[in-house]
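Below is one structure; the comments refer to it alone.
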């Protein structure tokens, strides 16, 4: 479900190698109907059929629709991006708040509510600085100020236009940044992007060039933790290499694949398609487990037989996510303390 970009078409074609059938749904023809006791997703005026997997992509202009669609369908189909992530991931301020909550390293970032507060920040920062609009992709909405005077003039214009913005420290990298394409708990491809002469933004869409790079384990870990912090199983994480180590500057929920595929020679679309298929298989198996349990309960057989579930483990980075049916049966809550009994090939979790 996308706006039909070349990257999206590549993913659709790759998915056909794994799924029995694949529909290419134009996001612009999708609507969500809300009413009392009624919540439907329509495509070209008709009820959207049941799918085992839906990969929804789109720009920040469609974030509200993407969130509504995902909120409606998240529990009936495997979807790699959570509903709230479309709001969070398309707003740089909310993204930075999520990164800060999970202790993800990033450049120092400031938000000001008034001209007076902003200019007080300008008196305290080291130049140059970066000014960003909360919304925007492909390097759009990013400005650079070499001095207080330049930054102050930009702020006056932004406040006159009633435009919200962020102030961020500038990290000198020679116009180079790093993009890591995260799929599940792996970085499947990574590249360094270098800005063209006279341009500070390294984005491919801004004329930057990409070359393949191998990330160290720490950088990979930061990229994967970033995807977890925003709630996206598939995303691109952009980072700057600084004296402090990698710093995350942006998360892209609908990354373009042309640049990174060309730079690395890796078929990223196939990596995504294979992952979607594997996760949808696990999702469907969980649905079958819940249906089986319901049959057992209806027959009055809700004892040991109903409580033994055969399934695959869902690894999210180095963590194991238990199926919802397991936590429902065990009656575990987020505040419960548990004892873990571990041996090779066996894990027992008991509530204290």
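Would you point out the residue of region 31-50, among those that are in contact with a helix residue (DSSP H, G or I) (Cβ under 8 Å, 6 or more places away or on another chain) and outside any strand (DSSP E or B), that is surrounded by the most Cβ atoms within 10 Å (Cβ to Cβ)? Restricting to residues being in contact with a helix residue (DSSP H, G or I) (Cβ under 8 Å, 6 or more places away or on another chain) and outside any strand (DSSP E or B), the top hit is 48. Yes or no: residue 208 within 26 Å of residue 98 (Cα to Cα) and modelled with pLDDT under 95? Judged against the criteria, residue 208 is not a match. Of the residues making up region 157-192, those that are within 30 Å of residue 277 (Cα to Cα), in contact with a strand residue (DSSP E or B) (Cβ under 9 Å, 6 or more places away or on another chain) and assigned to a strand (DSSP E or B) are 178, 179, 180, 181, 182, 183, 187, 188, 189, 190, 191, 192. For region 9-30, a tally of residues being without any contact (Cβ under 8 Å) to a residue 60 or more places away in the chain, over 16 Å from residue 74 (Cβ atoms) and not in a loop (DSSP other than H, G, I, E, B) returns 6. Test residue 157 against the stated conditions and say whether it is at pLDDT 80 or above and more than 21 Å from residue 95 (Cα to Cα). No; evaluated as a whole, the condition is false for this residue.
If I ask for residues that are more than 14 Å from the chain's Cα centre (by Cα), without any contact (Cβ under 8 Å) to a residue 24 or more places away in the chain, farther than 18 Å from residue 239 by Cβ and in a loop (DSSP other than H, G, I, E, B), which ones from region 56-107 would you list? The answer is 74, 75. Taken over region 4-52, residues that are under 24 Å from the mean Cα position of the chain (by Cα) and on the phi > 0 side of the Ramachandran plot amount to 1.
With respect to residue 82, is the statement that it is under 22 Å from residue 142 (Cβ atoms) and in contact with a helix residue (DSSP H, G or I) (Cβ under 8 Å, 6 or more places away or on another chain) true?
On the way: under 22 Å from residue 142 (Cβ atoms): no; in contact with a helix residue (DSSP H, G or I) (Cβ under 8 Å, 6 or more places away or on another chain): yes.
So residue 82 does not fit the description; no.
Among the residues making up region 228-246, those that are under 8 Å from the mean Cα position of the chain (by Cα) and closer than 19 Å to residue 193 by Cβ are 235, 236.
The values are calculated or read from the model by the stated rules, or taken from the named source; none is laboratory data. Fair warning: this is a prediction, and the values are worked out from it, not measured in the lab. Methodologically, a virtual Cβ is constructed for each residue, glycine included, from the backbone with ideal geometry; neighbour enumeration extends over all protein chains shown.
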